[in-house]
Amino acid sequence: MHIPTPATRLRSRPRPLAVALLACLLAFGSREAMAGSPLADDLRQLQNPGAEVVAEAGENASALVLKHRWSGDRCRWQLSNRGVTPVRVREVRLFDLPHRLPAATPVYGEGFQMLSQTGGTLGAPQDIGSYTDRGHYRLPEPAGFRTVYGMLLLSPAGEDRTLLGFASCRRFNGKFHFNATRIQGVVELEGLALPPGASWDLEELFLRTGPDREALLEGLASALTRNHPRLRHDPVPTGWCSWYCFGPRVTAGDIAGNLDWIAKNLPALRYVQIDDGYQPWMGDWLDTGKAFGGDLRGVLRQIRTRGFEPALWVAPFIASGESRLFHDHPDWFVKDAQGSPLRSDRVGFGGWRLGPWYALDGTHPGAQKWLEGLFRTLRQEWGCTYFKLDATYWATLPEGHRHDPSATRIEAYRRGMEAIRRGAGSSLIMGCNHPIWPSLGLVHASRSSLDIERSWGSFTSIGRENLLRGWQNGRLWWNDPDCVVLHDGGSADTMDAGGRLTTVGKVPDNEYQFHATLIYATGGMLLSGDDLTRITPRRAAMLQKLVPPSGACARFEGDRFEVGTTSLRDRRMVSLFNWGDQPVARSFLLPGRCRLRDYWTGEDLGVHEGRYEAGLLAARSARLIEVRPAR
């Protein structure tokens with residue numbers, strides 16, 4: 001929703017908030033909460049944390065009252081209007097304070113949408129991934145600050161870490177601004193009008209300090225699932241996806257050939273997913289494009305008849321201007337200030353294919369009914385039991401006007417997703433290119449990285465993206481680390497402007513093994529992205545060893561993701577990584593007297609105890625070692 005300027009600011013009364021923060025920190029009692037950090041010490045001592053309500057220009061901001069209540073490491077906030085007229089509120093700044101940490105303090109922050117993450121330091125933040133919130137998606141951030149969403153982890157050298165997060169995302173978007181000297185916590189209210197006598201519950205804030213990164217993130221995950229219970233869909237999904245071998249030129253014959261291979265060689269790949277390319281336009285999901293060369297519904301029926309589960313890529317909240325959906329129902333779409341459908345490229349990213357896109361309004365009753373009916377048809381009549389929902393970010397398109405003017409963009413997205421879930425029934429729902437925190441409690445699985453390419457640069461960059469989000473896997477949802485690709489060939493990431501696949505170079509065995517080991521270490525979903533009719537027996541054997549996934553992300557000894565341990569019921573799996581261009585030595589501690597085996601080669605490494613020295617690990621390589629108690 002468009003937010004005019006300038007704005008009126010109302011500072012909350014300082015003393016009660018300072019007292020509450022102090023009481024919270026003193027009440028924690030655990031080592032994680034009480035361990036010292038400069039930021040936590042400042043919160044204990046600060047007399048004015050800088051809480052501030054920002055109302056729109058000309059509004060009676062003095063009528064607004066901000067209250068809060070701490071419970072352990074979580075704080076709930078409420079904003080009330082005690083006046084006699086509505087007040088439009090842009091945002092609430094929960095705190096604004098000097099963090100008193102070195103500028104070289106490492107940081108990790110989440111993005112609003114899936115493709116954005118932030119690393120680096122307080123003084124020199126670095127983008128993780130190429131499609132940032134502020135750049136590609138054009139989400140605003142204040143001058144002189146970097147903005148992250150949902151959570152911010154600070155890891156000063158030699159001191160305990162501090163984790164700040166929002167433990168809910170029901171209605172409002174929570175974010176953090178930081179720079180080399182200050183940090184702010186903000187909740188967006190989007191200029192909505194708070195009626196007289198009414199109150200809004202804002203999103204819950206989480207704060208904890210401690211030395212263990214994994215323990216802190218596990219605490220945040222627990223807080224999130226208290227507010228947004230996880231949707232379970234077991235076991236961990238496995239399958240095959242058409243995108244990374246055929247791209248938008250996928251045909252019915254391509255699906256049939258890979259279905260034959262899977263049925264004969266690896267039936268544990270349960271879901272057979274048809275990705276983008278079958279439809280004529282974005283939005284017309286029940287129509288089949290001419291290039292597909294077959295009846296989509298018939299192909300899905302064939303998959304089901306062979307004993308597998310039909311899976312389909314759908315981008316439910318977007319439509320091309322040429323689509324039948326957009327032509328027949330322009331009133332269902334997010335509007336601009338003049339009341340016309342808002343082209344997404346006017347306010348952000350216009351879309352990667354068949355664009356620019358228009359965004360379906362999740363608050364519109366007609367759009368909700370259509371979404372529910374679409375997925376009921378795909379589930380009950382077409383037999384789909386898995387939906388990869390892509391481009392769902394567009395349901396949260398900023399600076400747009402919606403059918404329900406009292407709804408935030410977060411509510412618009414969640415209402416649309418709830419309509420989809422009603423229609424999809426028990427089908428597995430995976431979010432892709434989605435808003436991360438707004439998707440809590442709405443998806444069974446979540447893509448945790450950018451699209452894979454068959455290259456060393458891609459293996460390492462999206463590998464880090466996936467491991468940084470490893471704490472979410474099995475707690476919030478199943479992570480989807482994107483497809484494992486083990487065979488050289490064309491991919492959707494190497495297309496020219498006309499959508500034609502280009503030739504890619506051969507990837508060395510050591511780099512493919514690095515990639516496979518990393519996929520194993522994520523513990524999440526496992527989908528093959530290769531044309532399996534062309535895969536070599538050696539690579540097929542490697543793929544077979546990845547099924548089924550463990551369901552648990554490896555725990556690492558440090559933030560560099562060099563040695564990770566996956567603890568299973570009867571054994572441990574240790575992943576050793578060399579991310580560099582020179583050989584390095586790797587070792588790890590054993591829990592007792594153990595027998596070791598190289599998982600990829602099957603080599604018996606003997607019985608060992610204490611610290612196992614794995615020797616030199618070649619450049620750009622990885623090993624996966626199975627550790628069992630010695631008899």
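Values in this text are rule-based calculations from the coordinates and carry no lab data. Bear in mind that the values here come from a model prediction, so they are computed numbers and not experimental data. Don't worry about glycine lacking a Cβ; one is built from the backbone with ideal geometry, like all the others, and counts go over all protein chains shown.
Would you kindly work out the equivalent ellipsoid of the stretch 507-629 from its C-alpha gyration tensor and give its semi-axes, the square roots of five times the eigenvalues, largest first in whole Å? Can you show the working numbers first?
Details: eigenvalues 107, 57, 39 Å².
Output for the stretch 507-629: semi-axes of 23, 17, 14 Å.
Among the trypsin sites (Lys or Arg not before Pro) in the stretch 522-568, those located in a DSSP loop and surrounded by at most 16 other Cβ atoms within 10 Å of their own Cβ are 534, 560. Applying D = kT/(6 pi eta Rh) to the stretch 77-149, where Rh is the Kirkwood radius over alpha-carbon pairs, T corresponds to 10 °C and eta to 1.306 mPa s, the Stokes-Einstein value obtained is 108 µm²/s. Amide H to amide H distances under 5 Å link residue 364 with 403, where only residues 5 or more positions off or on other chains count and H is placed in the peptide plane.
How big is the antiparallel share of DSSP beta bridges in the chain, given as a percent to the nearest 5? Around 80 percent of the beta bridges assigned by DSSP in the chain are antiparallel ones.
Dividing the convex hull volume of the alpha-carbon atoms in the stretch 238-545 by its residue count gives 125 Å³ per residue.
Considering only alpha-carbon pairs that sit under 8 angstrom and 6 or more positions apart, the relative contact order computed for the stretch 541-629 is 30 percent. For a test of the definition: using alpha carbon positions, the gyration tensor, and the 1.5 limit on a/c, classify the stretch 222-341 as rounded, prolate or oblate. Here the stretch 222-341 falls in the oblate category. Close Lys pairs in the chain (alpha-carbon distance under 29 Å; sequence gap of 8 or more, or different chains): 13. The peptide list 114-122, 445-453, put in order of mean Cβ contacts within 10 Å with the highest first, becomes 445-453, 114-122.
Please say if the chain is rounded, prolate or oblate, where rounded means a/c under 1.5 for a ≥ b ≥ c the square roots of the C-alpha gyration tensor eigenvalues, and otherwise the choice is prolate for a/b larger than b/c and oblate otherwise?
On the way: a/c = 2.08, a/b = 1.17, b/c = 1.78.
Oblate is the answer for the chain, as a/c is 1.5 or above yet b/c matches or exceeds a/b.
Per residue of the chain, the DSSP helices (runs of n ≥ 4 H) give a summed -39500 (n - 2.57) that works out to -6500 deg cm²/dmol at 222 nm.
The alpha carbon centroids of the stretch 344-419 and the stretch 530-602 are separated by 39 Å.
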